[in-house]
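The values are calculated or read from the model by the stated rules, or taken from the named source; none is laboratory data. From a predicted model like this one, the values you see are computed outputs, not experimental measurements. Methodologically, a virtual Cβ is constructed for each residue, glycine included, from the backbone with ideal geometry; neighbour enumeration extends over all protein chains shown. We work out accessible area using only protein heavy atoms, side chains counted, and drop any ligands, DNA or RNA first. Shrake-Rupley method; radii C 1.70, N 1.55, O 1.52, S 1.80 Å.
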Amino acid sequence: MNTELLEALTILEQEKDISKETLLDAIENSLINACKNHFGKADNIKVIMDRQTCDYSVFAEKTVVENVEDDVMEISLANAKMIDSKFDLGDIVPIESKSFGRIATQNAKNLILQKIREEERKVVYDQYFEKEKDIVTGVVQRYVGKNISINLGKADAMLTENEQVKGEVFKPTERIKLYVVEVKNTTKGPKILVS
């Protein structure tokens, strides 16, 4: 049982509100990508992950042939017989692979982190999209030109000059009530416009 991974996924699920299933899918995809980077292709790669224990196995399914032309997709009859004597020409041999290079491992890690960031943005977007056309409380952070940056908790919003009451002045750390005008999903996360 991979207890460290299981604990990490549980913590992420509780703190960031990201489902464990989504994270496990991201890990599977990153392992397949690591294989693609390491071996050149991943058409014959299978990742089997136990959802309860977080144990995983990575297999390369190779076809038994007389003369090997593609060592990523094929295995010689002699090598297949060394694994198990029952294999014959045309059979599919599962070969477990746990050896990835440092670069492939780093790429897998980056893909998992990217998926976590995407899911975090999606959760925040969904949370504030539900509050569109509703009143929320925010904390004034700072002035950005004539606009004001407001912290809403998990996200920041921008109170533009057009949406402010003329003559009203806010101080940093002041709590104010705001109307959520619009929530847009952008590549850098949700953009929240308030009034």
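One residue is enough: does region 143-159 have a residue meeting the conditions out of contact with any Asp or Glu (no Cβ under 8 Å at 6 or more places or on another chain) and under 30 Å from Tyr56 (Cβ atoms)?
no
Hey, among Asp156, Asp84, which residue is modelled with pLDDT under 80 and open to solvent by less than 90 Å² (accessible area, probe 1.4 Å)?
Of Asp156, Asp84, the one residue that is modelled with pLDDT under 80 and open to solvent by less than 90 Å² (accessible area, probe 1.4 Å) is Asp84.
Out of everything in region 154-187 that is free of Cβ contacts under 8 Å to residues at least 12 places away in the same chain and closer than 26 Å to Lys122 by Cα, what residue ends up being farthest from the chain's Cα centre (by Cα)?
Step by step, filter region 154-187, then rank; the result is Lys184.
Return the residues of region 23-40 that are open to solvent by less than 70 Å² (accessible area, probe 1.4 Å) and either at pLDDT below 80 or more than 17 Å from Thr105 (Cβ to Cβ) (or both); say none if nothing qualifies.
Result: Leu23, Leu24, Asp25, Leu31, Ile32, Asn33, Ala34, Cys35, Gly40.
Here are some residues: Ile112, Ile95, Ile83, Ile148. Which one is among the β-branched types (Val, Ile, Thr) and under 30 Å from Ser19 (Cα atoms)?
Every option except Ile112 fails the conditions.
Can you name the number of the only condition in (1) open to solvent by 40 Å² or more (accessible area, probe 1.4 Å); (2) in contact with a Lys or Arg (Cβ under 9 Å, 6 or more places away or on another chain); (3) polar (S, T, N, Q) that Ser149 fails?
(1)
Residue check: is Glu13 surrounded by 15 or more Cβ atoms within 10 Å (Cβ to Cβ), free of Cβ contacts under 8 Å to residues at least 40 places away in the same chain and of a type in the set (Asp, Glu)?
The answer is yes for Glu13.
Just to verify a result, which residue in region 159-195, among those that are in contact with a strand residue (DSSP E or B) (Cβ under 8 Å, 6 or more places away or on another chain), open to solvent by 80 Å² or more (accessible area, probe 1.4 Å) and outside any strand (DSSP E or B), is nearest to Glu119 (Cα to Cα)?
This residue is Thr173.
List pairs: first in region 53-80 and among the aromatic types (Phe, Trp, Tyr), second in a loop (DSSP other than H, G, I, E, B) and surrounded by fewer than 17 Cβ atoms within 10 Å (Cβ to Cβ), Cβ under 8 Å, 6+ apart or cross-chain?
Here the result reads Tyr56/Asn2; Tyr56/Asp50; Phe59/Ser97, each pair linking region 53-80 to a residue that is in a loop (DSSP other than H, G, I, E, B) and surrounded by fewer than 17 Cβ atoms within 10 Å (Cβ to Cβ).
Where the second residue is open to solvent by less than 60 Å² (accessible area, probe 1.4 Å) and of a type in the set (A, V, I, L, M, F, W, C) and the first is at negative phi and in contact (Cβ under 8 Å) with a residue 60 or more places away in the chain and lies in region 83-97, which pairs have Cβ atoms under 9 Å and are six or more apart or on separate chains?
So the pair list comes out as Ser97/Cys35; Ser97/Ile45; Ser97/Val58; Ser97/Phe59; Ser97/Ala60.
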